[in-house]
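Q: I have a structure here, written as structure tokens, and I will follow up with some questions on it.
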Amino acid sequence: MTSIDWIIFIVYLIAVFAVGIWVSKKSSEGIDSYFVANRSLPWWWIGISIIATTFAADTPLAITGITAKSGIAGNWLWWSWAATYITVSVFFAKRWRQSNVLTDVEFIELRYSGKEASFLRGFKAFFYGIILNVFILGWVIVAAVKIANAFIKWEDLLGTDVFLKLQSFYPKILWFKADFNATLTILVLLIIVMIYSSLGGIRGVILTDLFQFAIAMIISIIFGYYAVQEVGGLAEIQTKLVDIYGTSKARHLTEFIPSFDNPLIPFQIFLIYVVIQWWVRYDSDGSGYIAQRINTAKSPKDAQKGSFLFSILFIVLRTWPWIMVALVSLILFPLEYDKTGQIIGDREAHYPLLMTMVLPVGLVGLAFTSLMAAFMSTVDTHLNWGASYLTNDIYRRFINPDAQQKQLIKFSRITVIIITFLAVIVASQINSIGNAWVFFINAASGLGIAQLIRWFWWRANAWTEIAAMIAALIGTALYPILFSDFSNTPHFATYALVGITFFSLFTSVIVTLLTPEVDESKIQNFIKQCHPIGIWKGTGYSKDAFKGFTTSFLMWILGLTASFTGLFSIGYFLMLNPILGITNTIVSILSFYILNQMIKKENQRELKK
């Protein structure tokens with residue numbers, strides 16, 4: 001990078017650090033301020049902050065790899081998650097805010113009774129706060145490593161002697177992808193993130209997310225434009241794909257929905273994505289950092305609006321700049337295969353490489369800054385989120401219930417350091433972002449199943465979740481052993497998800513029916529506080545509990561329609577099909593308008609009550 005590029009990047013680092021210091025006093029008032037900003041934030045802060053967190057540095061790289069392997073339609077792997085987030089917006093966002101819990105695992109003892117509920121809360125706090133959290137951070141760090149090498153060379157900056165001394169000092173086992181240059185870059189950034197996120201708490205995290213997302217989104221669009229121009233424009237992309245790969249494969253690469261004869265992504269894999277995968281995710285009900293963001297809202301109304309903003313723009317706003325760059329990479333770096341039919345080389349690394357090739361001076365610095373902003377916005381979220389579990393649901397709940405606010409804040413900041421250190425260890429052992437995604441989706445599938453059941457069925461108890469988690473982990477471990485003859489075949493892990501899902505579902509329901517019911521008083525308190533819909537019993541049960549389901553389901557359909565037709569409208573315009581582009585745009589706008597009117601009417605009815 002040139003001097004201008006470095007100045008841009010350093011100014012950005014100073015800015016985010018300053019935000020952490022600026023809000024540190026406010027965040028240190030108490031644990032509610034540190035982790036949920038005293039439940040005072042407006043809806044658009046919340047929506048943009050969640051989008052910023054999901055706009056991680058690993059995402060455009062992973063999408064570049066997915067598109068190379070499976071074409072545009074392969075992105076249904078994550079497009080299907082829009083259904084998850086629409087579900088959260090319709091059914092759970094308001095109810096999360098009404099629960100008034102600090103973390104989603106604290107919700108466990110609001111919903112369930114008995115020692116098993118206490119155990120589950122502690123276990124999930126550890127599982128989410130440490131195991132799951134550092135695993136996610138690990139693959140995010142791996143992505144950032146691939147980016148760092150394309151931009152920064154420490155040996156040139158520090159001199160060979162200093163660089164080699166640092167290299168000999170730092171344990172080789174902790175190098176990210178066996179590369180000390182990239183490791184040094186990421187360590188510096190992690191230290192900065194660790195400091196400002198520990199100082200500023202969730203308020204500092206969200207404030208930095210707002211402009212981190214703006215930088216990342218604007219630059220991704222600019223980068224997409226320059227990449228397309230590099231190969232001669234939109235029309236040339238399709239022409240050159242046909243020239244390189246032939247008519248049939250070019251068509252398969254650019255399909256939005258896979259055809260039955262698409263060898264890149266079988267149609268049944270697409271069906272698994274859209275029918276099963278989205279509702280078995282660990283955050284199927286908004287659990288995790290999404291629930292934390294929702295609980296920072298100043299009202300249930302703001303919680304729902306912020307959630308809708310995120311869920312609709314999740315795929316509509318972000319998808320196409322990345323995919324266009326991925327298609328350009330297929331032209332500039334044509335696919336090569338080994339004797340087994342596997343793609344040769346690291347396709348994910350082409351995203352940052354293209355940045356250095358097509359962007360002019362100044363924009364290179366902004367591009368690097370945008371990717372590092374995406375990286376840092378994800379890391380700071382997970383550090384604060386993980387610390388909330390360890391502080392609220394382990395330390396305060398089980399170790400020191402009488403801890404003062406200052407003690408809790410101090411402990412929170414210590415846990416941020418611990419989580420960062422553990423994430424560094426995990427990242428040094430992860431090689432592929434895509435493989436990490438697939439393993440994580442399967443292993444966490446039991447979480448999503450049980451977390452949906454608990455919102456709709458009074459009979460669910462703590463054992464429901466415990467059984468589902470254990471079944472999913474056992475299934476993930478045993479499936480490759482039981483079907484070892486097929487374990488190396490394409491999409492094996494996705495097919496495995498089907499078996500793991502139904503094994504977890506069956507196990508959790510059976511265990512629920514064989515274990516004691518939740519105390520009646522606990523169920524009634526939950527009904528009064530969160531107003532769930534579904535199958536509920538007792539004095540708090542009413543037929544009115546079902547009346548809202550039809551309306552909610554219609555809102556869900558409208559949300560999905562607005563989101564996916566919005567996604568396709570942009571795609572069709574970019575693929576030079578304006579008729580379908582205009583048609584999808586009209587449907588998207590109408591769906592969003594009707595949805596917005598329904599939300600307004602629902603809020604008015606609640607105000608009258």
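What follows is calculated from the coordinates using simple rules that are stated; it is not laboratory data. Please read these numbers as outputs of a predicted model, since none were measured by experiment. Positions of Cβ are generated from backbone atoms using ideal geometry, with glycine treated the same way; all protein chains shown enter the neighbour counts.
Q: For the pair Arg605/Leu157, report the inter-label distance in nm, with labels modelled 7 Å from Cα in the Cβ direction.
A: Modelled inter-label distance: 5.7 nm.
Q: May I pose another question? In what sequence do Glu29, Glu465, Glu348, Glu109 fall when counting other Cβ within 10 Å, fewest first?
A: Glu29, Glu109, Glu348, Glu465
Q: So if a site counts as exposed when it's one of the chymotrypsin sites (Phe, Trp or Tyr not before Pro), its DSSP state isn't H, G, I, E or B, and it has at most 15 other Cβ atoms within 10 Å, what's the longest stretch of the chain without one?
A: Details: sites that count: Phe260, Phe483, Tyr541.
My reading of the result: 1-259 is the longest stretch.
Q: Can you tell me the FRET efficiency between Phe492 and Gln529 if r is taken as the Cβ-Cβ distance and R0 is 45 Å, rounded to the nearest 0.05? Walk me through the intermediate numbers first.
A: Details: r = 44 Å, r/R0 = 0.97.
Computed FRET efficiency for Phe492 and Gln529 comes out at 0.55.
Q: Can I ask one more? Beyond a 25 Å Cα-Cα separation, which of these cross-linked pairs lie in this structure: Lys298/Lys601; Lys124/Lys298; Lys146/Lys240; Lys537/Lys600? Intermediate results must be reported in sequence, preceding the final value.
A: Values: Lys298/Lys601 20 Å; Lys124/Lys298 27 Å; Lys146/Lys240 27 Å; Lys537/Lys600 30 Å.
Over 25 Å Cα-Cα: Lys124/Lys298; Lys146/Lys240; Lys537/Lys600.
Q: Assuming R0 = 35 Å, can you tell me the calculated FRET efficiency for the pair Thr356 and Ile257, based on Cβ-Cβ distance, to the nearest 0.05? Intermediate values should be presented prior to the final figure.
A: On the way: r = 34 Å, r/R0 = 0.97.
Working from the Cβ atoms, E equals 0.55.
Q: Report ³J(HN,Hα) in whole Hz for each residue of the range 42-49, in order, from the Karplus equation J = 6.51 cos²θ - 1.76 cosθ + 1.60 where θ = phi - 60°; Gly and Pro get x.
A: Those phi angles translate into x, 4, 6, 4, 5, x, 5, 5 Hz.
Q: List the relative contact order of the chain as a percent without decimals, with contacts defined as Cα pairs under 8 Å and 6+ residues apart.
A: Details: 948 pairs, mean separation 169.1, N = 609.
Relative contact order of the chain: 28 percent.
Q: Just grab the label-to-label distance for Met598 and Ile222, each label 7 Å out from Cα along the Cβ direction, in nm (one decimal).
A: With each label placed 7 Å out from Cα toward Cβ, I get 3.9 nm.
Q: Students often forget the sequence filter, so: which aspartates and glutamates lie under 13 Å Cα-Cα from Lys305 once same-chain residues fewer than 8 apart are removed?
A: In chain and number order, the partners are Glu602.
Q: In nm, what is the difference between 0.36 nm times the number of residues separating Leu576 and Leu110 and their Cα-Cα distance? Working shown, then result.
A: Details: separation 466, 0.36 × 466 = 167.76 nm, distance 5.27 nm.
Contour length minus Cα-Cα distance gives 162.5 nm.
Q: At q = 0.17, 0.18 Å⁻¹, what log₁₀ I(q)/I(0) does a Debye calculation on the Cα points of the range 312-432 give, no solvent, two decimals?
A: -1.02, -1.07
Q: Between Lys339 and Leu513, how high is the FRET efficiency from 1/(1 + (r/R0)^6) when r is the Cβ-Cβ distance and R₀ = 45 Å? Nearest 0.05. Each step should come with its number before you reach the end.
A: Details: r = 52 Å, r/R0 = 1.16.
So, using R0 = 45 Å, E works out to roughly 0.30.
Q: Just want the ordering: Thr512, Thr319, from fewest to most Cβ atoms lying within 10 Å of their own Cβ.
A: Values: Thr512 22, Thr319 19.
Fewest-to-most ranking of Thr512, Thr319: Thr319, Thr512.
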